[in-house]
1. Kindly list, by first and then second residue, each pair from a residue in the range 141-157 that is in a loop (DSSP other than H, G, I, E, B) to a residue that is charged (D, E, K, R), limited to pairs with Cβ atoms under 7 Å and residues at least 6 apart or on different chains.
2. Find the helices (runs of 4 or more DSSP H) located wholly in the range 28-109 whose residues include 3 or more that are more than 29 Å from residue 314 (Cβ to Cβ), and list them.
3. When you scan the range 78-95, do you find a residue that is of a type in the set (Gly, Ala, Ser), modelled with pLDDT of 90 or more and surrounded by 18 or more Cβ atoms within 10 Å (Cβ to Cβ), even just one?
4. Could you figure out which of (1) within 16 Å of the chain's Cα centre (by Cα); (2) buried (at least 22 other Cβ atoms within 10 Å of the Cβ); (3) modelled with pLDDT of 95 or more isn't true of residue 203?
5. Would you confirm, using the coordinates I've provided, whether residue 192 is polar (S, T, N, Q), within 20 Å of residue 34 (Cα to Cα), surrounded by fewer than 21 Cβ atoms within 10 Å (Cβ to Cβ) and modelled with pLDDT under 95?
6. Restricting the search to the range 115-130, which residues are surrounded by fewer than 21 Cβ atoms within 10 Å (Cβ to Cβ) and touching a Phe, Trp or Tyr at 6+ places or on another chain (Cβ under 7 Å)?
7. Residue under question is residue 288, and the condition is that it be within 24 Å of residue 21 (Cα to Cα) and touching a helix residue (DSSP H, G or I) at 6+ places or on another chain (Cβ under 9 Å); does it hold?
8. Please verify whether the range 305-313 includes one or more residues that are under 26 Å from residue 140 (Cα atoms), in contact (Cβ under 8 Å) with a residue 12 or more places away in the chain and among the hydrophobic types (A, V, I, L, M, F, W, C).
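The values are calculated or read from the model by the stated rules, or taken from the named source; none is laboratory data. Source: prediction; values computed, not measured. So basically every Cβ, Gly included, is an ideal-geometry build from the backbone, and we count neighbours across all protein chains shown.
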Amino acid sequence: MGAVWFWIVAGMLALYVVLDGFDLGVGILYPLLARSEQDRRFMLRSIGPVWDGNEVWLLAGGGTLFFAFPLVYASSFSGFYLPLMIVLWLLILRGVGIELRGHMENEVWRTFFDGMFFISSALLAIFFGAALGNVIRGVPIGPDGYFFLPLWTNWRVGPSPGILDWYTVLGGVVALVALAHHGALWIAMKTTDGLERRALRAAKLLWPVLLIVALLSLPATVAVRPSSLANYRAHPALFLIPALVLGSLEGTAYFRAKAQPGKAFLSSCVFIVLMLTGAAAGLYPALLPSSISSAQDITISQALAGQHSVRVGLVWWIFGILLAALYFFTSYWLFRGKVTEGSDYSH
């Protein structure tokens, strides 16, 4: 049951990154691709019906973590208190930027909230990437199972790191570029004419940058946490994951060149899921590694809730996830197709 819940949590977080990732990508590219008020409206309308629903998966992932692995939830949410508060405020500001920009026909008003939408989206991508970097690198877990991290120390990886160091900043850069690329393909899939062409051009420019930072992240991860290769050496079939990561990234370039943004976007979804799957495979069975000693890692067996709870909870989780999947399928189906002046994409 521990392994089942490990992959359930990992899958829900991956689903959140894929779905809310293109929303963040749209925000990152918002001031770069929009040339007119119509472009800005089209970009916002492309995510308008779904962006707030996509955030549900972050809450669902956190709730599932709390239910299945309460020790990890308690330790990580206390140790990462400062970045969690920053992320919470950025989520609020992004929503405020989207919701309030259209409440007044005033250029200054709209520019202010457009800037809020852009800055919060970019910083969220960076902080989410840095958060994953912290988990992979490890945190200074004490004997009581808790830890504290300052925002930064000397920017080096070691037994007592900060939230931001060279490795977690690299993770933030990977997330920023990957989600910007993901958002560009979404915009190309959902819009037409000049905006679609600019989005495809942006995806083309971002692709080599994404390839470089993704390749850099692999040796950096091994250098920071050599034990991340243990599962790969024990199960050589896992080495297919990095190969598939590169294959899916190549798929985004292939379908983009063929002017098939829908397939390119799906390839980007696969790329993100495989990147996160590779990271989870390297961590297993640790849920929260220690930067001090592997003996202090919080593992699945230590953190798992009672057997009766997780077995009964699995039944209710399946029921709830089916309802959520039905809602999301209906929502995306109703708002399928490209955004045009006459389409019913009001928010």
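1. Pairs that qualify, where the first residue is in a loop (DSSP other than H, G, I, E, B) and the partner is charged (D, E, K, R), are 155/165; 156/165; 157/137; 157/165.
2. Fully inside the range 28-109 and qualifying: 37-47, 81-100.
3. No: the range 78-95 contains no residue that is of a type in the set (Gly, Ala, Ser), modelled with pLDDT of 90 or more and surrounded by 18 or more Cβ atoms within 10 Å (Cβ to Cβ).
4. Looking at each condition in turn, residue 203 falls short on (1).
5. Judged against the criteria, residue 192 is a match.
6. 118, the sole residue that qualifies.
7. Spelling it out, residue 288 is indeed within 24 Å of residue 21 (Cα to Cα) and touching a helix residue (DSSP H, G or I) at 6+ places or on another chain (Cβ under 9 Å).
8. yes
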